[in-house]
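The values are calculated or read from the model by the stated rules, or taken from the named source; none is laboratory data. Small disclaimer: the values here were computed from a predicted structure and weren't measured. A quick note on method: Cβ atoms are made from the backbone with ideal geometry, for glycine too, and the neighbour counts reach across all protein chains shown. Each accessible area value is taken on the protein alone, full model and side chains, heavy atoms only, with ligands, DNA and RNA left out. Shrake-Rupley method; radii C 1.70, N 1.55, O 1.52, S 1.80 Å.
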Amino acid sequence: MGKGRIFCLLGPSASGKDSLYQGILKRQPIELKTIVSYTTRPQRANEISGVEYHFTDIPSFRKQEEEGGVIEYRCYHTMHGDWYYYTANDGQIDEEHDYLVTTVLKGYEGLRDFFGKERVVPIYIYVEDGLRLSRALERERKQTNPKYAEMCRRYLADSEDFSEENIKKTGIKRRFENEDFNKCLEEICRFIESGDYSTVVE
């Protein structure tokens with residue numbers, strides 16, 4: 001199997017992609033390096049800068065963008081102002097290694113358009129809406145300063161962003177259901193290890 005693949009774990013908020021991400025890195029079905037994305041949103045209580053994200057600010061994002069250092073970005077108009085999430089062309093990605101990154105639908109499309117369809121492999125995580133909402137609420141309760149209004153806004157926005165129509169437009173045809181974490185993790189690891197990625201996109 002050739003190197004240079006970018007496996008994109010994508011799904012709406014509270015779909016469990018961050019936990020699956022950690023599980024895949026621990027299992028290492030193939031040797032995978034990480035891509036640390038950037039965000040201008042506030043750092044959560046359990047997050048470490050440089051691990052989950054590089055936490056930055058909007059002026060720094062604008063500077064990188066002006067210098068041609070941004071591969072793709074998304075802007076969320078939140079209850080607390082605009083939050084940007086983006087992938088930077090900062091030397092993290094080469095053609096000698098395989099990578100794992102978490103993102104959303106627009107992030108996957110940006111990476112695919114930049115690096116090419118043959119290099120970027122989507123792994124779409126699906127969770128039933130009611131279960132996803134209960135998980136989002138449980139996660140927010142654990143924060144030092146819970147932002148419930150923002151949680152609700154993001155839940156609704158993600159439901160729209162990950163509509164069946166939008167998923168169909170990307171050509172993604174396979175989903176990995178995360179109702180049972182261990183079962184979902186095993187399925188994803190087998191898929192990555194298989195080397196056959198033709199089943200996920202048209």
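Overview of values
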| item | result |
| --- | --- |
| Segment 5-107: C-alpha gyration tensor shape, a/c 1.5 cut-off, then a/b vs b/c | oblate |
| Inter-probe distance in nm under a simple model that places probes 7 Å from Cα toward Cβ, at residue 94 and residue 34 | 2.0 nm |
| Summed residue charge, Cβ within 15 Å of residue 57's Cβ, Lys/Arg positive, Asp/Glu negative | 0 |
| Lys/Arg +1, Asp/Glu -1 at C-beta; the chain dipole; positive extreme among 159, 189, 7 | 159 |
| DSSP-defined beta bridges in segment 48-187 - what % are antiparallel, rounded to 5 | 60 percent |
| The chain, helix-only ellipticity at 222 nm - DSSP H runs n ≥ 4, -39,500 (n - 2.57), divided by all residues, nearest 500 | -12000 deg cm²/dmol |
| Calculated diffusion of the chain, Stokes-Einstein form, Kirkwood radius summed over Cα pairs, 4 °C and 1.567 mPa s, µm²/s | 74 µm²/s |
| Mean-position separation - Cα centroids, segment 43-109 and segment 127-159, in angstrom | 21 Å |
| Anisotropy class of segment 29-86 from Cα gyration tensor, a/c 1.5 cut | oblate |
| Value of relative contact order over segment 66-202, rounded to a whole percent, pairs C-alpha under 8 Å and six or more apart | 23 percent |
| In nm, spacing of pseudo-spin labels at residue 148 and residue 65 (7 Å Cα→C-beta vector) | 3.3 nm |
| Difference of contour (0.36 nm per residue) and Cα-Cα distance, residue 129 to residue 22 | 36.2 nm |
| Counted charge near residue 119, where neighbours are those whose Cβ lies closer than 15 Å (Asp, Glu -1; Lys, Arg +1) | -3 |
| Long-range amide H partners of residue 37 with built H, under 5 Å | 54 |
| Solvent accessible area, Å² - residue 33, 1.4 Å probe, full protein context | 90 Å² |
| Heavy atoms of residue 37 accessible to a 1.4 Å probe, total area in Å² rounded to 10 | 10 Å² |
| Distance in nm between pseudo-label sites at residue 138 and residue 49 (7 Å out along the Cβ direction from Cα) | 3.1 nm |
| Fraction of antiparallel bridges per DSSP, segment 2-105 only, in percent to nearest 5 | 45 percent |
| Protein-only accessible surface order, largest first, of 160, 177 at 1.4 Å | 160, 177 |
| Rounded accessible area of residue 21 (nearest 10 Å², 1.4 Å probe) | 30 Å² |
| Residue (of 79, 38, 99) at the positive-pole extreme of the chain, dipole from beta-carbon charges | 79 |
